Amino acid sequence: MTMSSDSSTASRCGFVAIVGRPNVGKSTLLNALIGAKVSIVSRKAQTTRHRIHGVFTRGPEQFVFVDTPGFQTRHGGAMNRMMNRVVTQALADVDVVVHVVEAGKWSEGDANLLPLLPARARRILAVNKTDLLKDRDALFPYVSRIMALHPYDAVVPVSAAKSRQLDHLLDEIAKGLPEGEPMFEEDTLTDRPVRFIASELIREKIFRLVGDELPYGSTVVIEQWEEQPRVTRIAACVIVDRDSHRPILLGTGGERMKRIATEARQDIAKLIDKPVHLEIYVKVRKGWAERESALRDLGYE
């Protein structure tokens, strides 16, 4: 179904890939641009594992964002191979690429992404975390050095955390959107089902509250979702890679898991605008992150 548009202004709609090395703020930027949490945020790299479409409609313009995992160049394994495939597939058919870097920093990981950017797409360098710069005068020579070696169609300094310069970034992205009718209704925020977003919110709490104690061998599966008149009852399973991971997640007397469940329940209730009863339990499935068949079974692309 399409929306009606102002006949005096041509509708524009296209795909926008947000790419960058791990932990430069891609998910924070996506959430800030569309005004809602559709991608989880963590200080840990490798948080985003799925290709997520976030949708933002601004008048006759509809931006369909693709939030990709950070491209992995240092480590092998089925999980990282899968994530790298997601990145390359996401870039294959986009209209605009937003390459996110951290202000004042340019590493080999940033440069390694450049050969992957499609030549036909509009390329925008989004210099993120400008609010953390101690010397604002250093920004211009920093950008000049990058542009001398790697020309982009536009450069926009932003702060995703502070929502600064986001309208300017959207203006630059809009220049690369092709004319066409919207793909989604105006109030659509994502094409992912609400159960997926709920599982991601639980996984975000695990990353934030467990920290470096738990490796990346964990994922979340929603096993039950029951809509009742006054409450939504959800049963979620956290799948871990080793027996030793279970006590790490539970914490002393189960206190850590209680906090994970409480904070996740609050976010999910806000997401669906309804009280939530959430139960979370833990299963051990050894080696799941290293077997592509297991990854597919758990919903990874």
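The values are calculated or read from the model by the stated rules, or taken from the named source; none is laboratory data. This one's a predicted model, so the numbers in the text were calculated from it and none came from an experiment. FYI the Cβ positions are ideal-geometry reconstructions off the backbone, even for glycines, and counts take in every protein chain you see. In case anyone asks, the SASA skips ligands and DNA or RNA and just uses the protein heavy atoms, side chains included. Shrake-Rupley method; radii C 1.70, N 1.55, O 1.52, S 1.80 Å.
Within this structure, K162 fails the test of being among the basic types (K, R), at pLDDT 85 or above and touching a strand residue (DSSP E or B) at 6+ places or on another chain (Cβ under 8 Å).
State whether one or more residues within segment 190-203 are modelled with pLDDT under 95, on the phi > 0 side of the Ramachandran plot and open to solvent by 10 Å² or more (accessible area, probe 1.4 Å). Quick ask: steps written out before the conclusion?
Quick first cut of segment 190-203, residues modelled with pLDDT under 95 only: 190-203.
Remaining after also requiring on the phi > 0 side of the Ramachandran plot: none.
There is no residue in segment 190-203 that is modelled with pLDDT under 95, on the phi > 0 side of the Ramachandran plot and open to solvent by 10 Å² or more (accessible area, probe 1.4 Å).
I'd like the full set of residues that are of a type in the set (G, A, S), part of a loop (DSSP other than H, G, I, E, B) and open to solvent by less than 30 Å² (accessible area, probe 1.4 Å), limited to segment 131-163. Passing the criteria: only A160. So, in segment 214-238, of the ones that are surrounded by fewer than 16 Cβ atoms within 10 Å (Cβ to Cβ) and assigned to a loop (DSSP other than H, G, I, E, B), which residue ends up modelled with the highest pLDDT? The extreme case among them is V231. If the condition is being more than 18 Å from H168 (Cβ to Cβ), open to solvent by less than 30 Å² (accessible area, probe 1.4 Å) and not in a loop (DSSP other than H, G, I, E, B), then segment 92-101 contributes no residue at all.
Among the residues of segment 229-245, the one identified as polar (S, T, N, Q) and either under 14 Å from D267 (Cα atoms) or under 28 Å from the mean Cα position of the chain (by Cα) (or both) is T232. If you go through segment 102-128 and pick out every residue that is part of a loop (DSSP other than H, G, I, E, B), in contact (Cβ under 8 Å) with a residue 40 or more places away in the chain and farther than 18 Å from F15 by Cα, you end up with 3. Would you say E290 is in contact with a Gly (Cβ under 8 Å, 6 or more places away or on another chain), at pLDDT below 90 and surrounded by fewer than 17 Cβ atoms within 10 Å (Cβ to Cβ)? Yes; evaluated as a whole, the condition is true for this residue. Residues in segment 164-199 that are among the β-branched types (V, I, T), assigned to a helix (DSSP H, G or I) and in contact with a Gly (Cβ under 9 Å, 6 or more places away or on another chain): I173 only.
Counting only residues that are assigned to a helix (DSSP H, G or I) and open to solvent by 30 Å² or more (accessible area, probe 1.4 Å), segment 239-277 holds 18 of them.
Here are some residues: L125, L139. Which one is more than 25 Å from the chain's Cα centre (by Cα), under 20 Å from A32 (Cβ atoms) and aliphatic (A, V, I, L, M)?
L139
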